[in-house]
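The values are calculated or read from the model by the stated rules, or taken from the named source; none is laboratory data. Just so we're clear, the structure is a prediction, and the values are computed from it rather than from any experiment. Reconstructed Cβ throughout: ideal geometry from the backbone, glycine too, with neighbour counts over all protein chains shown.
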Amino acid sequence: MDNKLYLVIPCYNEEEVLPETAKRLKDKLSTLVQAGKINPDSRIVFVNDGSGDRTWEIIQELHKEDIVFSGINLSRNRGHQNALLAGLMTVKDHADMVISMDADLQDDINAIDAMVDKYLEGIDIVYGVRSSRAKDTFFKKATAEGFYKLMNAMGANTVFNHADYRLMSRRALEGLAEYGEVNLFLRGIVPMIGYPWDVVYYERGERFAGESKYPLGKMLSFAIEGITSLSTKPIRLITGLGFFIFIVSIGMLIYSIVRHFMGATIVGWTTLMVSVWAIGGLILLSLGVVGEYIGKIYLETKARPRFIIEQFLHEDA
Ligand code: UDP
Ligand code: MG
């Protein structure tokens with residue numbers, strides 16, 4: 001029978017929230033099954049991303065209690081994106097549609113209904129979009145929205161205020177599997193797959209328990225990853241900047257010559273120092289950006305595995 005729904009949930013040190021999340025998701029699945037919208041063989045798959053706490057033990061217990069719960073254990077912590085990808089790639093041959101979401105119940109699970117409805121209408125990719133961030137702290141809201149704006153300005157087109165809460169059909173997942181890159185930035189790649197898509201709006205709640213696993217540092221490196229893996233616009237900007245500075249330096253040359261003939265050459269130490277520092281800084285920054293891309297090329301040529309699965313607890317019905 002069709003319409004098998006798999007929920008994929010990456011978990012990193014989520015022992016505090018996992019039991020409650022499991023309970024609520026199970027209830028959600030049963031209502032959907034009763035409404036005849038999804039197959040009774042649907043599953044909830046937790047991906048343990050190398051947690052240091054009891055997360056994997058809890059997942060194993062859940063699986064023992066009820067086969068609706070499945071678990072994937074990664075060999076070590078690989079970060080949210082890779083954990084999610086590991087989950088998606090592992091379940092794609094079992095499911096007809098897959099919804100990915102966070103373990104902390106910040107993504108309103110009642111949006112699942114609307115996502116499934118859209119799938120049943122023939123949509124392949126449904127993005128969950130936050131309608132407001134009223135519950136986020138001011139800092140989180142400002143940094144997160146700045147993140148999306150920066151991404152778009154740098155040529156990485158993503159769906160505004162969409163994190164990784166989304167439904168994908170099996171054929172969309174098969175499309176995703178074709179992207180062999182190691183530095184995979186899901187939010188940027190998924191829109192490239194194509195197929196009919198739509199959005200569902202939801203209110204983003206507070207983290208149910210525990211702490212955010214995405215502190216500012218991780219978020220910044222995530223933004224740099226995203227931009228450099230999706231676009232080469234920063235390199236283009238550097239070229240533009242270099243050109244601009246070259247034009248300015250011609251102006252400076254003319255200015256210096258004029259000053260020389262006017263007999264006022266010794267003043268200008270300050271301007272000299274300032275420009276040496278400014279240009280030195282710009283050169284280092286530019287080298288850094290170019291270096292980022294070279295680093296990416298290096299990693300891609302090695303084609304290391306994006307994740308290694310230690311164990312897949314799963315029972316097909
Ligand atoms: N996560 C993960 N690996 C990591 C960090 C986070 O699998 O290295 C998971 C985490 O368990 C959660 C999701 O990614 O399910 C989102 O993390 P979090 O809720 O801490 O981020 P925030 O909502 O604060 O942005
Ligand atoms: Mg969260």
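Might you let me know whether the range 29-44 holds any residue that is of a type in the set (Lys, Arg) and either within 11 Å of ligand 1 (Cβ to nearest atom) or not in a loop (DSSP other than H, G, I, E, B) (or both)? Walk me through how you get there before you give the answer.
Going residue by residue through the range 29-44, those that are of a type in the set (Lys, Arg) are 37, 43.
Narrowing further to those that are either within 11 Å of ligand 1 (Cβ to nearest atom) or not in a loop (DSSP other than H, G, I, E, B) (or both): 43.
Yes, that holds for at least one residue.
Among the residues in the range 245-259, are any among the charged types (D, E, K, R), assigned to a helix (DSSP H, G or I) and farther than 30 Å from residue 166 by Cβ?
We begin by selecting, within the range 245-259, every residue among the charged types (D, E, K, R); these are 259.
So of that shortlist, the ones also assigned to a helix (DSSP H, G or I) come out as 259.
This time we only want the ones that are farther than 30 Å from residue 166 by Cβ, so: 259.
Within the range 245-259 (the criterion being among the charged types (D, E, K, R), assigned to a helix (DSSP H, G or I) and farther than 30 Å from residue 166 by Cβ), the answer is yes, since at least one residue qualifies.
Is there any pair with a first residue in the range 219-234 that is among the basic types (Lys, Arg) and a second that is outside any helix (DSSP H, G or I) whose Cβ atoms are under 9 Å apart and which are 6 or more apart or on different chains, and what are they?
Qualifying pairs under 9 Å: 233/154; 233/155; 233/156.
For the range 188-214, give me each residue that is farther than 22 Å from residue 138 by Cβ and touching a His at 6+ places or on another chain (Cβ under 8 Å).
Within the range 188-214, 199 is the sole residue that qualifies.
Whether any residue in the range 260-269 is in a helix (DSSP H, G or I), over 44 Å from the mean Cα position of the chain (by Cα), among the aromatic types (Phe, Trp, Tyr) and surrounded by 10 or more Cβ atoms within 10 Å (Cβ to Cβ) is what I want to check.
At the first step, the residues of the range 260-269 found to be in a helix (DSSP H, G or I) are 260-262, 269.
Adding the requirement that they be over 44 Å from the mean Cα position of the chain (by Cα) leaves 260-262, 269.
Retained after the next criterion (residues that are among the aromatic types (Phe, Trp, Tyr)): 261, 269.
Retained after the next criterion (residues that are surrounded by 10 or more Cβ atoms within 10 Å (Cβ to Cβ)): none.
Checked the range 260-269: no residue is in a helix (DSSP H, G or I), over 44 Å from the mean Cα position of the chain (by Cα), among the aromatic types (Phe, Trp, Tyr) and surrounded by 10 or more Cβ atoms within 10 Å (Cβ to Cβ).
Take the range 171-188 and flag every residue that is surrounded by fewer than 19 Cβ atoms within 10 Å (Cβ to Cβ) and outside any loop (DSSP other than H, G, I, E, B). Steps first, please.
Taking the range 171-188 as the starting set, the residues that turn out to be surrounded by fewer than 19 Cβ atoms within 10 Å (Cβ to Cβ) are 171, 174, 177-184.
The answer is 171, 174, 177.
Residue under question is residue 95, and the condition is that it be assigned to a loop (DSSP other than H, G, I, E, B) and either at pLDDT 95 or above or within 16 Å of residue 14 (Cβ to Cβ) (or both); does it hold? Show your work before the answer.
Working: assigned to a loop (DSSP other than H, G, I, E, B): yes; either at pLDDT 95 or above or within 16 Å of residue 14 (Cβ to Cβ) (or both): no.
It is false that residue 95 is assigned to a loop (DSSP other than H, G, I, E, B) and either at pLDDT 95 or above or within 16 Å of residue 14 (Cβ to Cβ) (or both).
What number of residues within the range 200-226 are under 24 Å from residue 113 (Cβ atoms), more than 16 Å from ligand 1 (Cβ to nearest atom) and surrounded by fewer than 19 Cβ atoms within 10 Å (Cβ to Cβ)? So that I can check it myself, show each step before the final result.
Pass one, the range 200-226, residues under 24 Å from residue 113 (Cβ atoms): 200-208.
Imposing the further condition that a residue be more than 16 Å from ligand 1 (Cβ to nearest atom) reduces the set to 200-201.
If we keep only those that are surrounded by fewer than 19 Cβ atoms within 10 Å (Cβ to Cβ) as well, we get 201.
Qualifying residue count, the range 200-226: 1.
Is it the case that residue 116 is under 17 Å from residue 20 (Cα atoms), away from ligand 1 (no atom under 16 Å from the Cβ), touching a helix residue (DSSP H, G or I) at 6+ places or on another chain (Cβ under 8 Å) and not small (Gly, Ala, Ser)?
On the way: under 17 Å from residue 20 (Cα atoms): no; away from ligand 1 (no atom under 16 Å from the Cβ): yes; touching a helix residue (DSSP H, G or I) at 6+ places or on another chain (Cβ under 8 Å): yes; not small (Gly, Ala, Ser): yes.
Taking the combined requirement at face value, the residue does not satisfy it.
Would you mind stating whether residue 152 is buried (at least 19 other Cβ atoms within 10 Å of the Cβ), in a helix (DSSP H, G or I) and of a type in the set (S, T, N, Q)? Spell out how you get there, then give the answer.
On the way: buried (at least 19 other Cβ atoms within 10 Å of the Cβ): no; in a helix (DSSP H, G or I): yes; of a type in the set (S, T, N, Q): yes.
Considered against the rule, which asks whether it is buried (at least 19 other Cβ atoms within 10 Å of the Cβ), in a helix (DSSP H, G or I) and of a type in the set (S, T, N, Q), residue 152 comes out as no.
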